[in-house]
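Everything below concerns the one structure shown next.
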Amino acid sequence: MILIDGKKEAAKLREELKQEVLDLKKKFNKVPGLTVILIGDMAPSQIYVRNKEKSANEVGLKSEVIKYPENVEEKIVLETIKKLNKDDSVSGILVQLPLPKHIDKQKVIETISPSKDVDGLHPMNVGNLSSGYQGSIPCTPLGCYLLIKNVEHNLTGKKAVMIGRSNLNGKAMAQLLLQEDCTVTITHSKTKDLKAECLEADIIVAAVGIKELVKGDWVKKDAIVIDVGINKTDKGIIGDVAFEEVSKVAKALTPVPGGVGPMTIACLLRNTVECFKRSNN
């Protein structure tokens, strides 16, 4: 079985981006800029933002974090986004989710200029992805896609099953694999026989947040299994896939942690560079 090393692949992508940023600096005499807006003091969000900032600096991006207290007014956040939309030194804007209850997530996402939406969540970018047009692709599905392509370059005709239909993962992942000529099934909590659907799959992407949902007898021999789940337990963090069982039958499998997570941040940096290139064309 191939253990898909997300840390190694993310490091490789960062190295490529580092070189690309140097080339862009020579050509345009400026570098891509990423601004992250962080609201409140939730520990996971703070850790995540710190990792993003560190990685951005590592590849040579101009990185900025704007912090607001939990009780910040929505209009202040929206005004900040509008200012950043007009700032030429900012290539990408990311508002760290989740947001406090009094702030409308959809309004925030839609205020970000689609050309600076590095999370790929703006309705215009969602539409671009489903129409096969150019635009930002959500970071986690993009990371999963790159990991799958590293294992199997030609995906034509493969049967792919997404477990989970979220805007953030399942739907975008399905679109990416459709573009690779896969036959795609999106499953969810109302799917009648999830095990039967999985047993048909050459590729399984699990992203529902249910620990060890996908068992060894759910997976056919030589399937590629991507585990997006992050579930905290007494034994530490585990995924949506029963790793030991599935590793005995799968062709390739991502570990948790160390699989998809590092690729998500690397793809955020890639999206920032792509936004810069599109705006300077």
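Since every read-out is calculated from the coordinates, none of them should be taken as a lab result. Since this is a predicted model, take the numbers as computed values, not measurements. Ideal geometry is used to build each Cβ from the backbone, glycine not excepted, and the neighbour counts take in all protein chains shown.
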Using a Förster distance of 45 Å, the FRET efficiency for LYS7-ILE66 (Cβ separation, nearest 0.05): 0.95
Correct choice for Cα extents along the principal axes in Å that was computed from the model, options [x] 57, 48, 30; [y] 48, 47, 39; [z] 52, 43, 36: [z]
Between 0 and 90°, nearest 10: helix 260-279 axis offset from the chain longest Cα axis: 40
Euclidean distance of C-alpha centroids, region 143-200 and region 70-97, integer Å: 33
Directionally averaged shadow of region 228-281, computed from the convex hull of its alpha-carbon atoms, nm²: 5.1
Computed FRET value (nearest 0.05) for LEU199 with LYS235, which takes r as the C-beta separation and R₀ as 22 Å: 0.20
C-alpha long axis of helix 74-86 to longest principal axis of the chain, angle in °: 80
Estimated dipole of region 170-268 in Debye, rounded to 20 [Cβ of Lys and Arg +1, of Asp and Glu -1, Cα centre]: 240
Label-to-label distance, nm, for residues given as LYS149 and ASN51 (7 Å Cα→Cβ offset): 2.2
Pairwise Cα inverse-distance average, inverted: Kirkwood Rh of region 136-235 (Å): 13.6
Positive-end residue, the chain charge dipole about Cα centroid, Cβ charges, pick of THR272, PRO262, ILE103: THR272
Furthest towards positive pole of dipole, THR187, VAL65, LEU199, structure part the chain, Cβ charges: VAL65
Extension reserve of the GLU73-THR183 stretch, reckoned as 0.36 nm per residue once the Cα distance is removed: 35.1 nm
Two-site FRET efficiency, LYS30 against GLU110, from Cβ-Cβ distance with R₀ of 25 Å, rounded to 0.05: 0.35
Region 28-113: C-alpha gyration tensor shape, a/c 1.5 cut-off, then a/b vs b/c: oblate
Unit charges on C-beta of K, R, D, E only; dipole of the chain, Debye: 400
On Cα atoms only, tilt of 139-151 relative to the major axis of the chain in degrees: 50
Positive-end residue of MET42, ILE2, ALA56, charge dipole of region 1-60 with Cβ unit charges: ALA56
Summed side-chain charge close to ILE238 - residues other than ILE238 whose Cβ falls under 13 Å, Lys, Arg +1, Asp, Glu -1: -3
